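Since the structure comes first, as structure tokens, the remarks are kept for the end.
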Amino acid sequence: MRIQIINGPNLNLLGVREPEIYGQQSFEDYFGKLTAQYPDIQFSYFQSNIEGELINKMQEVGFDFDGIVLNAGAYTHTSVALQDCIRSLKTPVIEVHISNVATREGFRQQSLIAPACKGIIAGFGLDSYRLAVESFQK
Ligand code: DQA
């Protein structure tokens, strides 16, 4: 099974950025531990702060891979282009968030990508990514 994890803007700063919300761990550190737990899954990881690069990556893998785990960061709440992209793919996309966006500012409570995604996992810290991976095992 091939799973692509994609992180959007500012998620390259995990561990440094607002640690009271997003935790103290870098994504690279977490990713190493995650992949070790699933030796039979082939993982790829991509991060970009640029909306079009996220779209390019999803179009690249979205017809061959078995799953995409997407934390689109703030583009979650703004990007019609990401929603259109997700709708165009064959590969199912799970929307993930580290924080529980439903309990935060009003603008974070709307997701423009959710209607195109297979499901949403939010609020479990970095474990949200593992829960998304688990869902592809079913
Ligand atoms: C986030 C939540 C978004 O609202 C925010 O813009 C992020 C991170 C999360 O993982 O909790 O960058 O996607």
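Rolling a 1.4 angstrom probe over the protein heavy atoms, how many square angstrom per residue are accessible across the chain?
Computed with neighbouring chains in place, this is 49 Å² per residue.
Straight-line reach from K90: which lysines fall under 19 Å, measuring Cα to Cα and dropping same-chain residues less than 8 apart?
K57, K118, K138
Kirkwood hydrodynamic radius (Cα pairs, Å) of the range 90-132?
10.7 Å
Output the relative contact order of the chain, whole-number percent, from Cα pairs under 8 angstrom with separation of 6+ residues.
26 percent
If I compute solvent accessible area with a 1.4 Å probe over the protein chains, what percent of it on the chain is carbon and sulfur?
The computed percentage sits at 49.
Which cross-chain or sequence-distant (5 or more) residues have an amide H under 5 Å from the amide H of G67, H modelled 1.01 Å from N in plane?
The answer is R2, Q4.
Limiting things to C-alpha atoms, what are the Rg and the maximum Cα-Cα separation (Dmax) for the chain, in angstroms?
Final numbers for Rg and Dmax: 13.7, 40 Å.
The values are calculated or read from the model by the stated rules, or taken from the named source; none is laboratory data. Everything numeric in this text was worked out from a predicted model, so none of it was measured. Note: areas computed on protein heavy atoms with side chains; ligands, DNA, RNA excluded. Shrake-Rupley method; radii C 1.70, N 1.55, O 1.52, S 1.80 Å.
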